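These notes concern the structure reproduced below.
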Amino acid sequence: MSITPAPWTIKVLKTKYPDLFTYTVLGVNTTPDASYSGAAFTVASELDSLDDARLIAAAPDLLFACDLALQDYMADNSFVDRDTMMSTLRAAIAMASGYIRKAKGG
């Protein structure tokens, strides 16, 4: 499986109504092609909920944290640095829950 690596960010877009916004989740192009490398591209667009946008933007971090925990479990709980695993899991969950506002506009 290949996904766009983190970080994914949130862009807040205004609508024609002053108190209504939509949200777009952006990733960064990491292809070797120099003309596109580093350019932002849309992962998800026109989301009506900031909470949904935060969850989508946290997806790469959540995947990484879950993979780390699964590796630990599969290795009979012999993870070398359990503190790193736990802090990674907590940070990913917090980001997805909106407690860490790494995303622009979040």
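Nothing in this text is a laboratory measurement; each read-out follows from the coordinates by a stated rule. Note that the structure is a prediction, hence the values are computed from the model and not measured. With ideal geometry, Cβ positions are generated from the backbone for all residues, glycine too; neighbour counts draw on all protein chains shown.
In whole percent, what relative contact order does region 9-97 give with Cα contacts below 8 Å and a gap of six or more residues? Let's see the in-between values first.
Details: 111 pairs, mean separation 20.7, N = 89.
Value for region 9-97: 23 percent.
Put a dot 7 Å past each Cα toward the Cβ at D48 and D83; how far apart are the dots in nm?
4.6 nm
Between T22 and S97, what FRET efficiency comes out of the Förster formula 1/(1 + (r/R0)^6) with R0 = 30 Å and r the beta carbon distance, rounded to 0.05?
Details: r = 21 Å, r/R0 = 0.69.
Once rounded, the FRET efficiency stands at 0.90.
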